[in-house]
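What follows is a single structure, written as structure tokens, with notes after it.
The values are calculated or read from the model by the stated rules, or taken from the named source; none is laboratory data. Computed from a prediction, not measured in an experiment: that's the story for all the values here. Every residue, glycine among them, receives a Cβ derived from its backbone with ideal geometry; neighbour counts consider all protein chains shown. Side chains included, ligands, DNA and RNA excluded: accessible areas come from the protein's heavy atoms. Shrake-Rupley method; radii C 1.70, N 1.55, O 1.52, S 1.80 Å.
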Amino acid sequence: DMTMSASVNLLDMKDLITLPPGASLSGSIQTSFTAKGEVDPSNPEKLDVNGVANLKDVAVLWPPLVKPAVVNGTFTLSSEAIGENLSVVTGQSSLKMTASVKNYLTLILGGNGKKPPRPTAEFAINSPMINVDEILPPSGNNKKETAGAGPEVSKAPESVPVVVPPPGIDLEGTITAGRILYMGVTMNNLSVRVKAKNDISDVFIKTGYSGGVITDKIHADLRNMKKVSFTNSISVSNVEINDLMICASNFIK
């Protein structure tokens, strides 16, 4: 049996841990937590857990971020699920996120020889605007400087990873954003839908760009992580070809 209640001022953490150069923490976290019973991931009902953590003006500045992220909201905890309802503001960017993970004990403790219930997660993220260029510093490898040639020119990254849900978790969620700024490229009305079941994943992305629309459909088979297979279908409609070459040069190569 365990009961815990705590109130933490994150400014005091500097006296307990050494932060990396350029990092800072502030704000407060209040938690209340109780647990009673036996930990058995194959049968979560043996453990009675209830908890909540309230985050108030938690400001995190951590490399490579160049502007602090201010977080407000709550985390909840029970025997079967972890939930969160958060708002995040950093510079001009902001978002709201709700999420839940059920049967999470399977991820932490494994199945103890039995077939445990499969973890499932749901999430929704909504943002009016995300300015990635303001949040993350430009990479030195992505800058080309020539003496007397005027301002620096950004280059697209050498490769782009295929983003798919992690194996072992059934996942469903949406991401929407009114505006995205990334490496000088502006995208509007971004919509992302993610669905994964039994390690078969589908991701659908749609965004406005340069007066047109770009869509991307990714289908991935993650049942064998040593040999992941996927298909990727990109569609472009009514986009200025010059802007497209700048935005998608890494794919075209």
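Values as computed for the structure displayed
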item: Test: residue in the range 48-63 that is part of a strand (DSSP E or B) and modelled with pLDDT under 90; result: yes
item: Matching residues in the range 24-36 - criterion: being surrounded by 14 or more Cβ atoms within 10 Å (Cβ to Cβ) and not aromatic (F, W, Y); result: S24, L25, S26, G27, S28, I29, Q30, T31, S32, T34, A35
item: Check on A53, more than 24 Å from K96 (Cα to Cα), out of contact with any Asp or Glu (no Cβ under 6 Å at 6 or more places or on another chain), of a type in the set (G, A, S) and without any contact (Cβ under 8 Å) to a residue 40 or more places away in the chain; result: no
item: Condition met for V185 (within 19 Å of F123 (Cα to Cα), touching a strand residue (DSSP E or B) at 6+ places or on another chain (Cβ under 9 Å) and open to solvent by less than 60 Å² (accessible area, probe 1.4 Å)); result: no
item: Matching residues, the range 99-143, being modelled with pLDDT under 90, closer than 27 Å to L61 by Cβ and open to solvent by 60 Å² or more (accessible area, probe 1.4 Å); result: D133, L136, P137, P138, G140, N141, K143
item: Unique residue being within 20 Å of I175 (Cα to Cα), open to solvent by less than 30 Å² (accessible area, probe 1.4 Å) and either among the aliphatic types (A, V, I, L, M) or modelled with pLDDT of 90 or more (or both) when the list is S93, S87; result: S93
